Amino acid sequence: MILAQLKAETREAHARAEAALNLLAPDLGRARYVDVLRGLHALYVPLCVELDRWLAGHAELDWPARRAAKLGALADDLRALGTPPDTRPAPVPPLPDEAHAWGALYVLEGATLGGQLLRRHLAGQLDLGTEPGRGLAFFSSYGDQVGPRWKAFGAALEGRCARADAAFHAGVLAGAAQTFSLFVPLAVRDGVSA
């Protein structure tokens, strides 16, 4: 089961990314939250271009809808908070193959799943409320379809890996680890530290 292997083998990289973003900090302020959203937008735009190259042909993923939901929600949140997106893309190395793309998407889909917890915390911490248009769309970008979309992604990933060799599995793991590492610099983007 590749999902269990991904969770186990990327645990430390996942923890580093979460610690760097530090969105559960009790003293998180609106300015830091906006900086993180701008950094996420700057990261997701080029990363989604890379994912387009490798995953657009996988109908079982419904990648175009996933992409539109994530990028649209980030742009909506920045607008709601009165901040333009960062037009400087984050440095995202090219994904060398389809396996790395699946690993990268594991990270983004996992972040969407985990966004449910973050959304509740941020709504209270930043006094944003939970109604639409207040700056929390990204952390609920699939609405009530978060669980079903995670399950569909997991099934697609497991199915793809069942047809692949050990090198493909290694590429998925490497792609996930590499993608988690891309979140760490967001903690100090534009000189703002966590």
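The values are calculated or read from the model by the stated rules, or taken from the named source; none is laboratory data. It should be emphasised that the depicted structure is a prediction, and the values quoted were computed from it without experimental measurement. Using ideal geometry, Cβ is built from the backbone for each residue, glycine included, and neighbour counts are taken over all protein chains shown. Areas reflect the complete protein model, heavy atoms only, side chains present, ligands, DNA and RNA absent. Shrake-Rupley method; radii C 1.70, N 1.55, O 1.52, S 1.80 Å.
Would you mind getting the accessible area per residue of the range 1-64, heavy atoms of the protein chains only, 1.4 Å probe, in Å²?
The answer is 50 Å² per residue.
For the range 104-120, just list the computed ³J(HN,Hα) in residue order, Karplus coefficients 6.51, -1.76 and 1.60, θ = phi - 60°, integers in Hz, with x standing in for Gly and Pro.
5, 5, 4, 5, 5, 5, x, 5, 5, 4, x, x, 4, 5, 4, 4, 5
Give the shape of the chain as rounded, prolate or oblate, defined through the alpha-carbon gyration tensor: a ≥ b ≥ c are the square roots of its eigenvalues, a/c under 1.5 means rounded, and otherwise the shape is prolate if a/b is larger than b/c and oblate if not.
prolate
Using the alpha carbon gyration tensor of the range 109-162, what are the three equivalent-ellipsoid semi-axes (square root of 5 times each eigenvalue), largest first, in whole Å?
28, 10, 7
For the range 38-49, take each phi angle, set θ = phi - 60°, evaluate the Karplus expression 6.51 cos²θ - 1.76 cosθ + 1.60, and give the result in whole Hz per residue in order, putting x for glycine and proline.
5, x, 4, 4, 5, 7, 5, 4, x, 5, 5, 4
Roughly what would the spin-label model give for residue 4 and residue 19, points 7 Å off Cα along C-beta, in nm?
2.7
Could you grab the relative contact order for the range 43-194? Cα pairs under 8 Å, six or more apart, rounded to a whole percent.
32
Could you look at the chain and say what percent of its accessible area is carbon and sulfur, using a 1.4 Å probe and all protein chains? Before the final figure, lay out each step's value.
Details: 5200 of 8920 Å².
After summing per-atom areas, the C and S share lands at 58 percent.
For the range 65-194, what does the accessible surface come to per residue with a 1.4 Å probe? Please give it in Å². Working shown, then result.
Working: 5700 Å² over 130 residues.
Per residue, the range 65-194 has 44 Å² of solvent-accessible surface.
Taking the Cα centre of the range 1-113 as origin and charging only Cβ (+1 Lys, Arg; -1 Asp, Glu), how large is the dipole, in debye to the nearest 20?
In total the dipole reaches around 320 debye.
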